[in-house]
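Engineer: Have a look at this one.
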Amino acid sequence: MRVFDIIGRMEKEFEDLKRAIGLSMLKRRPACDVLERNNELILRIDLPGFSKKDIDIELGENYIIIKAERKEEEKERYLLKERVKSIYRRMDFPYEIDSEKAKAKLRNGVLEIIIPKKKGRKGRKIEIK
């Protein structure tokens, strides 16, 4: 038996196991870049195949939650299905953000969110005694 045959059988067995215990339905984390520029954060999240109506963004004082879920009809019989139907991503920031002035756009499968940081919210140094 060749190595590639063994690896193929192992991958199939693992997929069957994931399906049996429900792991294939877990929400996956999308790839994300976070940039800090001047007084704002810029997030770029890969969401290929999702439309604007599929995506939900929640902003708090110092966090963001991004959820996306795509509705698909299971009319086809798949031999292999790797595209995700749902994602979930939460990120916490070390300072407060201005959720009222945040902007988001979706272009070519990449969600870009620009979030201003709140002004006047800086840490302070304390003396060790």
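Engineer: Taking the structure as given and computing volume of the Cα convex hull per residue in Å³, which label from (1) 214; (2) 260; (3) 99 fits?
Structural biologist: (1)
Engineer: On a 26 Å Cα-Cα criterion, which of the cross-link pairs 53/75; 71/118; 81/103 come out too long? Show your work: numbers first, answer last.
Structural biologist: Values: 53/75 22 Å; 71/118 36 Å; 81/103 33 Å.
Those over the limit are 71/118; 81/103.
Engineer: Which value in deg cm²/dmol, rounded to the nearest 500, describes the helix-derived mean residue ellipticity at 222 nm for the chain, given -39,500 (n - 2.57) per DSSP H run of n ≥ 4 and division by the residue count?
Structural biologist: Values: 1 runs with 19 residues, N = 129.
Mean residue ellipticity, 222 nm, calculated: -5000 deg cm²/dmol.
Engineer: For the pair residue 14/residue 65, report the inter-label distance in nm, with labels modelled 7 Å from Cα in the Cβ direction.
Structural biologist: It is 3.1 nm.
Engineer: Given a Förster distance of 25 Å, report the FRET efficiency between residue 86 and residue 44 from their Cβ-Cβ distance, rounded to the nearest 0.05. Walk me through the intermediate numbers first.
Structural biologist: Details: r = 20 Å, r/R0 = 0.79.
E between residue 86 and residue 44, to the nearest 0.05, is 0.80.
Engineer: Now a separate question. Under a cut-off of 12 Å between alpha-carbon atoms, report the aspartates and glutamates in cross-link reach of residue 101, not counting same-chain residues fewer than 8 places apart.
Structural biologist: Of all the aspartates and glutamates, those that pass the test against residue 101 - Cα under 12 Å, at least 8 places apart if same chain - are 40.
Read the figures in this text as sums done on the coordinates, not as results from a lab. Just so we're clear, the structure is a prediction, and the values are computed from it rather than from any experiment. All Cβ positions, glycine included, derive from the backbone under ideal geometry; neighbour counts span all protein chains shown.
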